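K.L.:
Handing you a structure now.
The values are calculated or read from the model by the stated rules, or taken from the named source; none is laboratory data. Everything numeric in this text was worked out from a predicted model, so none of it was measured. Heads up, the Cβs are rebuilt from the backbone with ideal geometry, glycines too, and the neighbour counts pull from every protein chain shown. The area values use the complete protein model at the heavy-atom level, side chains included, leaving out ligands, DNA and RNA. Shrake-Rupley method; radii C 1.70, N 1.55, O 1.52, S 1.80 Å.
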Amino acid sequence: LGAFALGGLKMISANAQRANIDAAVAFIDRTGTGGDPIVSTAFFENPLSELDVALADSGSATYTPGNSIDLVKPPPPGSHSHPVLRLGIPPLAEEFRFLAEPKPQPVFFGLPLTPPGTVATQAVALAHHGTVFLVSPYANISAVLKYSPNSGTSVFVRALPRRFHLVQQITYPSFSDAGIGWSVYVFRDS
């Protein structure tokens, strides 16, 4: 009982709180223009990622899951909707298709992944205002590029056209002992 009590008290501390992905979504809604694509990398995804949940909880028309390539439906004029592309995980529509079968398949291993270079091409095509947001659990994109050059995030960043530059990064830390948090990287067309 003592161990459970001590564990419960430790869970209340700031370094055991979940990452503030909701703040990342609020930042995108506040600084982005309607239609700016969000590229999402996930820490967990089965079938919903942290970003999927945060966008659905945001109360705005930011995200409509389950469409053909995880893009929002065409936004109504004047809306603040963002297309969402998933990096390194199966398209949400594909995962939902398996769950909707007569015998639901809750295991998503072996589903096709959209190559990171293709995700970059799609994001650039959707960036009508010249901005692409990358939401990632990695707090240091330079370290990812250097030490994990073949990761989906690295391939995505390198596949962006040279005219897209990283202009801003904001990190919402959590789990301070583990160094895990959420970062929003803003790439802008020069």
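K.L.:
Can you give me the accessible area per residue for segment 108-152, using a 1.4 Å probe, in Å²?
P.N.:
Value returned for segment 108-152: 52 Å² of accessible area per residue.
K.L.:
Give, in nm to one decimal, the length gained when the segment between Phe96 and Leu1 is fully stretched (0.36 nm per residue of separation minus the Cα-Cα distance).
P.N.:
Taking Phe96 through Leu1 to full extension adds about 30.1 nm, to one decimal.
K.L.:
Still on this structure, please answer the following. Put a dot 7 Å past each Cα toward the Cβ at Ala139 and Thr121; how far apart are the dots in nm?
P.N.:
The modelled label-to-label distance comes out at 3.6 nm.
K.L.:
Compute the length gained on full extension between Lys103 and Arg188: take 0.36 nm times their separation in residues and subtract their Cα-Cα distance, giving the result in nm to one decimal.
P.N.:
Length gained between Lys103 and Arg188: 26.2 nm.
K.L.:
Would you work out what percent of the accessible area of segment 116-190, with all protein chains in place, is carbon or sulfur (probe 1.4 Å)?
P.N.:
The nonpolar share, carbon plus sulfur, comes to 53 percent.
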